[in-house]
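Please read the structure below before turning to the comments.
The values are calculated or read from the model by the stated rules, or taken from the named source; none is laboratory data. Given the structure is predicted, the values throughout are model-derived calculations rather than measurements. With ideal geometry, Cβ positions are generated from the backbone for all residues, glycine too; neighbour counts draw on all protein chains shown. Heads up: the accessible areas ignore ligands, DNA and RNA and are worked out on the full protein's heavy atoms, side chains in. Shrake-Rupley method; radii C 1.70, N 1.55, O 1.52, S 1.80 Å.
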Amino acid sequence: MSLLKVFGRTLITNLSYFSSRTTMKGRALHFVFKIGDRQKNALFFRDILGMKVLRHEEFKEGCAAACNGPYNNRWSKTMIGYGPEDNHFVVELTWNTEVSHYERGNDFLGITIKSQESIARAKALKWPIRMEGDTHVLESPDGYSFYIIDEPEPKERDPVLKLSLASTSIERTISYWNQILGIKILYKDEKRTLFSYDENQAFIEFKKIDGPINHATAYGRVAFAVPMDELKNVESKCSENKYKILTPMITLDTPGKASVTVVILADPDGHEICFVDDENFRLLSKVDPESDSHLNFHMAKYQKYLEKEKEKQEVKQ
């Protein structure tokens, strides 16, 4: 029997009872959000949650692995979190130039963060706060929920504690995430389960919901890094067991940065999962000290473009 400190209370687990498959070494990286307004989201993630921009990248066309969704347009990726991607679970903000709104489904349930500082900033800036029991809940401009625990941000670990997603069957979810993806089970009961490759990383939680899961157009994607030689094993295991592979192994290029190899999967409930080779991702994900100013520059540039387009329309009228 082992004891884990999980989001402010002690969770008792018996890992051997679950016969967890833990043969693969991996780490949870980030969750992808599609956003409609970069400026409003920059305010929320930087000024309310207190996260730092770690890197910002601009692309001229859609991603070959649909990283920006099914859109072949200019888009940007902003990685933002409480520390370097090497040892923090961060957020990827994906913005498409031609999409201002995404319909949310019931697939994403929230991200839990230990940060009383975020609560104080939200109150100071008059950001709406709702209460669920003793937990403060903040919603991003696109309606994504962040559950804030009213305790100081930890200095020894990532303040981001867990990502919560919906499941129509806990047993089916466990079968896939543990037996196919090799992620250790930390806890389970009839209505929820917790996974992680390492107990010091952010946990992935699944909660059972009634009825089908609707991913709508705002669907996200969770990413993990594994050694290069494990990527093919993950893909092969999914193929052998007839699980969905959305994008077979492919190499993705980022201008001026390291190229990475990825495979994109979907679990039985349709949650998208990206596995990337750890070796090259560590090179790609190095913190760019200029990223915050890059984001500001491109937001201002796009705002000027919108103003010019508005002027053109007014002249025509």
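Some points to look at:
- Summed over the range 119-144, residues that are among the aliphatic types (A, V, I, L, M), touching a Phe, Trp or Tyr at 6+ places or on another chain (Cβ under 9 Å) and over 14 Å from R46 (Cα atoms) total 1.
- Residue satisfying all of: in the range 253-263; in contact with a Leu (Cβ under 9 Å, 6 or more places away or on another chain) and touching a residue at least 40 places away in the same chain (Cβ under 8 Å); most open to solvent (accessible area, probe 1.4 Å) among these: K257
- Cβ separations smaller than 6 Å between residues 6+ apart or across chains give the following pairs from the range 290-305 residues that are within 16 Å of K77 (Cα to Cα) to residues that are polar (S, T, N, Q) and open to solvent by less than 100 Å² (accessible area, probe 1.4 Å): L295/T78; M299/Q39.
- Leading residue by the ranking (nearest to G220 (Cα to Cα)) among those in the range 137-156 that are hydrophobic (A, V, I, L, M, F, W, C) and open to solvent by less than 20 Å² (accessible area, probe 1.4 Å): F146
- You will find that of Y219, Y187, the residue that is within 17 Å of the chain's Cα centre (by Cα) and hydroxyl-bearing (S, T, Y) is Y219 and no other.
- One residue alone among K60, K77 is open to solvent by 10 Å² or more (accessible area, probe 1.4 Å) and touching an Asp or Glu at 6+ places or on another chain (Cβ under 7 Å), and that residue is K77.
- Considering I119, I129, the condition of being open to solvent by 40 Å² or more (accessible area, probe 1.4 Å), without any contact (Cβ under 8 Å) to a residue 60 or more places away in the chain and touching a strand residue (DSSP E or B) at 6+ places or on another chain (Cβ under 7 Å) is satisfied by I129 alone.
- Filtering the range 254-305 to residues that are among the polar types (S, T, N, Q) and either in contact with a helix residue (DSSP H, G or I) (Cβ under 7 Å, 6 or more places away or on another chain) or closer than 17 Å to F59 by Cβ (or both) leaves T254, S259, T261, S285, S291.
- Output for the range 286-310, where each listed residue is aliphatic (A, V, I, L, M), within 22 Å of the chain's Cα centre (by Cα) and open to solvent by 60 Å² or more (accessible area, probe 1.4 Å): V287
- Filtered residues of the range 23-70 (kept if closer than 19 Å to L138 by Cβ and of a type in the set (D, E)): D37, D47
- Of the residues making up the range 75-116, just one is over 29 Å from Y302 (Cα atoms), of a type in the set (G, A, S) and over 11 Å from the mean Cα position of the chain (by Cα), namely S115.
- Residue, nearest to M24 (Cα to Cα), within the range 211-224, restricted to residues that are in a strand (DSSP E or B) and out of contact with any Asp or Glu (no Cβ under 6 Å at 6 or more places or on another chain): F224
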